[in-house]
Amino acid sequence: MTRSVRRPPARAAARRRPPDAGSMTVETVMLAPVLLLFLMFLVGAGRVVEAQGEVNGAARDAARAASVQRTRAEAESAAAETAKAALSGECDPQVGLSGTEWKEGGVVHVAVTCELNLDFLGFGAARRMKGTSVAPLEQFRRVE
């Protein structure tokens, strides 16, 4: 006589899962917002670094443009126009020439300040960026 062994149906075997089944899905759902915040932080930090470079470049260009002018008033005007053109509508820069020695062999100190808007990240914040540069005035050129 042969004895038959009774096997459980296939569906019943499929229902039995290990105790940690589905934990990977839960971990992914919990880590997704953290990863998204980290990516947003990286984008924001990159934008701040890029904007600082742009403001420093605008200050350098403004100092050079101011150093080739004959009068201080022309230098201030040229520096403001050059900084505005260099930042190309990213912000409305404030340009200052404090510390400038307007004489033969003197130097032009230019400070450019700009507000960086970080609203695109959802933070609702702005950061003030400041760039400075110094350019020499020629020794044998007449300045007024």
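Please treat every number below as a calculation from the coordinates, not as lab data. Quick caveat, the model's predicted, so the values are computed rather than measured. For neighbour counting, all protein chains shown are included, and Cβ atoms are generated from backbone atoms with ideal geometry for every residue, glycine included.
Structural remarks
- Residues being under 13 Å from residue 64 (Cα atoms), within 27 Å of the chain's Cα centre (by Cα) and not in a loop (DSSP other than H, G, I, E, B) - total across segment 77-107: 7
- Flag if residue 51 is more than 13 Å from residue 110 (Cβ to Cβ), surrounded by fewer than 18 Cβ atoms within 10 Å (Cβ to Cβ) and of a type outside the set (Lys, Arg): no
- Residue match in segment 61-83 (condition: small (Gly, Ala, Ser), within 30 Å of residue 38 (Cβ to Cβ) and either surrounded by fewer than 20 Cβ atoms within 10 Å (Cβ to Cβ) or in contact with a Pro (Cβ under 7 Å, 6 or more places away or on another chain) (or both)): no
- Here residue 86 meets each of (1) surrounded by 16 or more Cβ atoms within 10 Å (Cβ to Cβ); (2) over 24 Å from residue 120 (Cα atoms) with one exception, condition (2).
- Considering 128, 70, the condition of being in contact (Cβ under 8 Å) with a residue 12 or more places away in the chain, among the basic types (Lys, Arg) and not in a loop (DSSP other than H, G, I, E, B) is satisfied by 128 alone.
- Taking the criterion of being of a type in the set (Phe, Trp, Tyr) and farther than 29 Å from residue 100 by Cα, the residues of segment 114-144 that qualify are 120, 123.
- Matching option when the condition is without any contact (Cβ under 8 Å) to a residue 12 or more places away in the chain and acidic (Asp, Glu), among 104, 27: 27
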